Amino acid sequence: MALFDLPLDELRDYRSASTEPEDFDAFWSKTLREAREYDLDARFEPVDTGLSTVRVHDVTFAGFGGHPVKGWLILPADAEEPLPLVVQFVGYGGGRGLPYEHLLWASTGRAHFVMDTRGQGSAGGGGGGTADPVGAAPAYPGYMTRGLDAPENYYYRRVFTDAVRAVEAARSHPLTDATRTVATGASQGGGITLAVGALVPNLVAIAPDVPFLCDFPRATNLTDRHPYREIGLYLKTHRGHTADALRTLSYFDGVHFAARGRAPALFSTALEDQTCPPSTVFAAYNAWTHDDKAIEVYDFNDHEGGGPYQDETKVRWLRSRL
């Protein structure tokens, strides 16, 4: 696929037309306050993986509504003192997988927490094991339109709340240093990272790669690739509900979380990415309020973005921060 979005010089100045809800902060404050009424109840069960360089814990904690959410905590085998912490969120349809899929960050001497995504985990890798026990109004198959009738019902309200609680759970372990925490993820994981970067205080940095869930008004009109296309197909049936859908989505738009960015940030995007078009990524990047920010641009890549090259870039970038 050749370049299809704005030229790079225009991307660097692009701003989203997404309208921020007046009660955005109140909505999220209330959501997190209600979630914290439930005991976090973070449990860390050692797992014998056969790996000699890391120690793995099977984690369960209380997310949105007190629902049990799974995760992995992976530590260097010789860890004795609290370590810098990397919290990772996974891509659309994926789950926490198996510990063998997550060895990079522990190999750098850091603690690594991987959150399972509720209701997902069946689209590849080692799968997932966290249910989403909340029902919803009629939706197009997938996750993008579940609960689209109202912000209070929307699927990603639960996921983003789970993510905040995941950071709290990871920070509660005695071998993690809560004062040295980074959030990262790619695609859907990148979108979740942006939300966490706004909702969790005192992060050292965030690193969202080819982030999803940004600039919904443009994304839903620019690309016909899933998952964004789920929204268009829903509205193809539910005629006349576009404004209502965009209002719900505005509470979950990475652009509005970026406007509350509290930490240094390293973004990445790919100019041939039709899944998360580069203009939608730049919309969040350009809105990110912290002065210490950078974006890696991969000219001829699709949604794979920088892949292992971006991993290398993140490792080097974090050396002076974590």
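The values are calculated or read from the model by the stated rules, or taken from the named source; none is laboratory data. On a predicted model such as this, the values are computed, not experimentally measured, just so you know. Cβ placement follows ideal geometry from the backbone for every residue including glycine, while neighbour counts extend to all protein chains displayed. SASA here: full protein model, heavy atoms, side chains in, ligands and nucleic acids out. Shrake-Rupley method; radii C 1.70, N 1.55, O 1.52, S 1.80 Å.
Observations on the model:
- Each label point was placed 7 Å from the Cα along the Cα-to-Cβ direction; for Arg316 and Leu103 their separation is 2.4 nm.
- Gain in span if fully extended, Arg247 to Arg36, counting 0.36 nm per residue against the direct Cα distance: 73.4 nm
- Sites listed here are trypsin sites (Lys or Arg not before Pro) in the stretch 1-97 whose DSSP assignment is loop and whose Cβ has at most 12 other Cβ atoms within 10 Å: Arg15.
- Rounded to the nearest whole angstrom, the semi-axes of the ellipsoid equivalent to the chain, taken from the Cα gyration tensor as √(5λ), stand at 29, 23, 18, largest first.
- Between Asp58 and Arg12, the C-beta separation translates, for a Förster distance of 35 Å, into a calculated FRET efficiency of about 0.20.
- Pair Thr49, Ala77: separation of 7 Å Cα→Cβ label points (nm): 1.2 nm
- Alpha carbon centroid spacing (whole Å) that separates the stretch 125-166 from the stretch 1-29: 22 Å
- When the charge dipole of the stretch 198-249 is built from unit charges on Cβ atoms (+1 for Lys and Arg, -1 for Asp and Glu) and taken about the Cα centre, the candidate among Pro211, His238, Ala198 whose Cα reaches farthest toward its positive end is His238.
- DSSP H segments from the chain that extend 18 Å or more along their own axis, Cα-based, with Kyte-Doolittle mean of -1.0 or above: 155-171
- Electrostatic tally near Thr223: other residues with Cβ closer than 10 Å to its Cβ, Lys and Arg +1, Asp and Glu -1, net 0.
- Ratio of the Cα radius of gyration of the stretch 98-235 to 2.2 N^0.38 Å, where N counts its residues: 1.12
- The residues Asp177, Asp224, sorted by heavy-atom accessible surface at 1.4 Å with ligands and nucleic acids left out, run Asp224, Asp177 from largest to smallest.
- Close amide H partners of Lys293, meaning residues 5 or more places away or on another chain with modelled amide H under 5 Å apart, are Ala265.
- Solvent exposure, largest accessible area first (probe 1.4 Å, DNA, RNA and ligands not counted), of Glu22, Glu152, Glu34, Glu80: Glu22, Glu80, Glu152, Glu34
- Partner lysines for Lys70 [C-alpha distance under 28 Å; skip if fewer than 8 residues away on the same chain]: Lys30, Lys314
- Computed over the stretch 1-62, the Cα gyration tensor eigenvalues convert (square root of 5λ each) into semi-axes of 40, 28, 8 Å, ordered from largest to smallest.
- Efficiency of FRET from Cβ geometry, Glu152 and Arg225, R₀ 30 Å, rounded to 0.05: 0.55
- Ordering 183-192, 198-207 by mean Cβ neighbour count within 10 Å, with the highest value first, yields 183-192, 198-207.
- Stretching Ala136 away from Glu20 to a fully extended chain increases their span by 39.4 nm, per 0.36 nm per residue minus the current alpha-carbon distance.
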